[in-house]
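Participant: Shown below is the structure under consideration.
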Amino acid sequence: MKIGIVGLGYVGLCTAVCLADRGFDIVGVDLDGRKIRMIRKCRPPFYERGLDPLLNRAISTGRMKCSNSYENLKGTNLIFMTVGTPTLRDGSIDLSQVKASAEGLARIIKRNDRFPLVVVKSTVIPGTTGRIVKPILEKQSGKHFGSDFGLCSNPEFLREGSAIEDTLHPDKIVIGAEDERSAKALISLYTSYYSGAVPPLVRTNFAAAELIKYANNAFLAMKVSYINSVARICEKIPGSDVGKVAQAIGLDSRIGRKFLEAGPGYGGSCFPKDLRALIEFSKTLGATSPLITGIEQVNRGQVQHVVSIARKMLRGLRGKRVSILGLAFKAGTNDIRESPSIEVISQLLVHRAKVIVYDPKAVEDTRRVFGRRITYSPTALDTIKGCDLCIIMTAWEEFKKLKEEDFLANMKNAAVLDARRILNFDEFSPRVKFTAIGQGGRINRT
Ligand code: UDX
């Protein structure tokens, strides 16, 4: 079976190499020529655990071919649309890539008599597949949905850093279909891909499948904003710790332990953008919810909160040397999109602090944002040398090994703000001015 993938970002490329590894012939299309050249040379355009060997195999066996032309999709039976859906200035979703790829696919459908199936995996607001993609495909190909070509909505739930693992073992598969033939074709692909052990399958219509993706991400983001709100309360109660609260409430099986790590707020390419799109979309329906808008407000406040703790700890930031450990929006990726760390650095610069940064993977991308306005360090210990404050912004494993002595020996004044809560508060004596998000009681004690 020959499968096309349009858009070779995280979702597209990870899906492509996993399918190629199971013996499917893959044709990848992306308009970014640089990306295509890198992929052809087996060089992943971004860091993702486990991607390297799979990409190598896919390209070297010839199972995956890629180009920047839709023409190469000729002869594919099924095409995944995995293009980006960024945010417009007003917070609503930018569907230009979805529309452009639907137009490109219509040209392929026009010359294909074998019932090609288009599967929309991009995260799109409810109504997009049925009211935007379908009419473009029909109008521009002159063919009919249901009889000449098929269409499904099939959102993905991959996390960066474990995208391969999530593709191989997803919690669920959601299929939005409005004709039997399309649904059967997609279910049959997944049945053969998962060799009989198909994950739980939820079948519904286009719009509900599209909404499920937003509802899923908003719920997870809500857990993060919720625990960050509880963390604020903990910070006001001497001796209390949000970690204990999260541990205890997480033991209630109705709540669950995951996504209750308090910190500097969620970032990345999905949560912030999807929340904004959901809020704007619900406005158009006259169905706004203070709960959903509150998730975003709380999140925005977290970066501000980190900066204000830093200001208090140093009694002002002007001229102070502040080291930032971690730039990526979470550990396990080099992605700095909407990273709280990048926001915190911007704020520190506004307050005229001198900023020194380190991240095991994300320095190059950060350099493109800040250039010479900040200093880049080769190691964590180099970063904190001579500094007045160290802020831990990403939960990389190597930062978890830092000890009180490391800060005392290297910093000008040993002060640590653990925004990710990865160090053990109890292991720090009052010789280090130590505070963590969600940790009550010590900030005034030192
Ligand atoms: C997310 C969804 O998990 C995934 O299903 C969807 O397809 C894409 O968006 P991802 O953006 O890769 O995946 O990251 P995720 O691991 O979900 O974390 C999102 C953000 O929330 C990160 O900034 C992370 O640090 C933060 N987070 C997560 C917390 O602050 N606390 C937590 O307990 C969990």
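Participant: Pulled fully out, how much extra length does the chain show between Ser195 and Ile237, if you take 0.36 nm times their separation in residues and subtract their Cα-Cα distance?
Facilitator: 9.8 nm
Participant: Calculate the length of the line joining the C-alpha centroid of the range 369-434 to that of the range 124-183, in whole Å.
Facilitator: Using only Cα atoms, the two centres lie 45 Å from each other.
Participant: Going by how many other Cβ atoms sit within 10 Å of their own, how do His144, His351 line up, fewest first? Numbers along the way, then the final one.
Facilitator: On the way: His144 10, His351 16.
In increasing order of surrounding Cβ atoms, one gets His144, His351.
Participant: For the chain, what is the mean residue ellipticity at 222 nm derived from helices alone (per DSSP H run of n ≥ 4: -39500 (n - 2.57); sum divided by total residues; nearest 500 deg cm²/dmol)?
Facilitator: Values: 16 runs with 187 residues, N = 446.
Result for the chain, helices only: -13000 deg cm²/dmol.
Participant: Here's a follow-up. List the residues whose amide H sits under 5 Å from the amide H of Phe149, counting only those 5 or more places along or on another chain, with H placed 1.01 Å from N in the peptide plane.
Facilitator: Here His144 satisfy the definition.
Participant: Stretched out fully, how many nm does the piece from Lys2 to Gln140 gain, at 0.36 nm a residue minus the Cα gap? Intermediate values should be presented prior to the final figure.
Facilitator: Values: separation 138, 0.36 × 138 = 49.68 nm, distance 2.31 nm.
Value of the extension gain: 47.4 nm.
Participant: A further question follows. Only four residue types carry charge here, +1 at the Cβ of Lys and Arg and -1 at the Cβ of Asp and Glu. Report the dipole size of the range 248-396 about the Cα centre in Debye, rounded to the nearest 20. Numbers along the way, then the final one.
Facilitator: Numbers: 23 positive and 13 negative charges, 125 e Å.
Dipole size: approximately 600 debye.
Participant: Which value, in debye to the nearest 20, gives the size of the charge dipole of the chain about its Cα centre, when Lys and Arg are +1 and Asp and Glu are -1 at the Cβ?
Facilitator: Dipole of the chain, to the nearest 20 debye: 1020 debye.
Participant: Across the range 1-109, how many lysine pairs separated by 8 or more positions, or lying on different chains, have Cα atoms within less than 20 Å?
Facilitator: Qualifying lysine pairs in the range 1-109: 6.
Participant: Sticking with this one: Cross-link candidates for Lys354: which lysines have Cα within less than 28 Å, leaving aside residues fewer than 8 places away along the same chain?
Facilitator: Within the straight-line cut-off, Lys354 pairs with Lys312, Lys320, Lys330, Lys385, Lys400, Lys401, Lys403, Lys412, Lys433.
Participant: When the dipole is taken about the Cα centre of the range 1-125, and only Lys, Arg (+1) and Asp, Glu (-1) are charged at their Cβ, what size is it in debye, to the nearest 20?
Facilitator: Here the range 1-125 has a charge dipole of around 400 debye.
Participant: Could you tell me which residue out of Val11, Leu54, Ile39 lies farthest along the dipole of the range 1-66 toward its positive end? Charges go on the beta carbon: Lys and Arg +1, Asp and Glu -1, centred on the Cα centre.
Facilitator: Ile39
FYI, it's all coordinate maths here, none of it is from the lab. Computed from a predicted structure; not experimentally measured. With ideal geometry, Cβ positions are generated from the backbone for all residues, glycine too; neighbour counts draw on all protein chains shown.
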